[in-house]
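Every number in this text was worked out from the coordinates using simple rules, so none of it is lab data. Please read all numbers here as calculations on a predicted model, not as lab measurements. Cβ atoms come from the backbone with ideal geometry, glycine included; neighbour counts cover every protein chain shown.
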Amino acid sequence: MPPTHIAKNNPSSFIIGDVHSGIITRKKERRDYAKMVANEELLQFERNQVWELVRKPPHANIIEGLDFGETFASVDRLEAIRLLLSYACFRRFKLFQIDVKSAFLNRYLSEEVYVAQPKGFIDSVHHDHVYKLRKALYGLKQALITWYERLCTYLLQQGYRRGSADQKMFIYRQGTDFLIVQIYVDDIIFGGTSSDYVEQFVAQMKGEFEMSMVGELTFFLADPRTSHLHSAKRILRYISDWAGCSDDRKSTSGGCFFLWNNITTWFSKKQNSVSLSTVEAEYIAVGSRCSQLLWMKQMLDEYGVTQSSMVLYCDNLSAISISKNPVQHSRTKHIDIRHHFIRELVEANFISLEHVQSAFQLADVFTKPLDVTTFEGLKASVGVCQRHV
């Protein structure tokens, strides 16, 4: 049978590209792209004078993580971001986001740190040399704290005041107008009552750092995906309340905190000790959340919002009675003294503990398996709604 495929000798002018370049596969394209990105990053290092090529000092160890000094730098709490979002809604001002390019390359190191030349980019003449770091580098343990110290020093020099409850928040205030700056690693969220302050801050940052303006804040870190929904459903399988854990019989505490009508913090966590009754479990849950309320009060004070007394709702009348009764009862004397912290706050009128019917206890959505009707009702009450894309 004659072949069905007929070969043709096409002229070379019909061929797209260079006929002498050989076959280019997708794998090779990915390698070329990765090398191009790496070259751009190394050029960024040169522009920022991140390192210098030197002879390897005698007895110097090039292993990352050895002989480092202080390496800790706290990452901002996401509750602080949500608190700022709620406050911006209340005061009706817009929030913006900027991203600092190569943020970790903006601070000189005080220690001597040596790194090996990257594979594939070894100097052909000085192949036995190493890089001595002048500035912090990605992956270096000091990178985060050195970047924060650099940014903090600059903002303080520009007249900003650092928050006491949250060290990653800075406020610039003149009269009734203000600008709030919230730092999350190399992402910066800012906004205030004066558009002039916003423009001034952007100009200051562009003049000092290489940065890109993301624009008005519409979401932070990432949009929720289907994978997040699957993870949330998996967590719900483990929800329980008093003595719900079959292994150690510990109870689960749950709660949610609102600023005006906006939920800012929520939690569902197994307690550290075994509770002998539902009253004890509720009392421990209430007492353990006082620190969160005090932190929110301190943050509001930084914003200039005075909060005299905060309301904490509980659906157990006996737990409320224990918090208001300073007398040591035989049924409560075994409870760890740290859980009685709420008594002092109630007496000082920092917290007002009030009763709520179990049908309207919003925290149950975080601790109990509920029927569909109750779950949907509580879900709507905490502000969770269907997102239409």
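Per-structure values
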item	result
Under 5 Å, built H, 5+ apart or other chain: amide partners of V185	D76
For peptides 361-369, 293-301, sequence by mean Cβ density within 10 Å, most packed first	361-369, 293-301
Whole-Hz couplings from phi, Karplus 6.51/-1.76/1.60, listed for region 116-122; x for Gly and Pro	6, 5, x, 5, x, 9, 7
Protection proxy ranking of 305-318, 174-187 - average other beta-carbon atoms within 10 Å, highest first	174-187, 305-318
Net charge of Cβ neighbours under 15 Å - reference Q174; Lys, Arg +1; Asp, Glu -1	-1
Around Q357: net Lys/Arg minus Asp/Glu count, Cβ-Cβ under 15 Å	-3
Ordering of 120-133, 79-92, 199-212 by burial proxy (mean other Cβ atoms within 10 Å per residue, highest first)	79-92, 199-212, 120-133
Cross-link table K94/K269; K250/K368; K324/K368; K270/K379; K94/K135, entries beyond 25 Å C-alpha to C-alpha	K94/K269; K324/K368; K94/K135
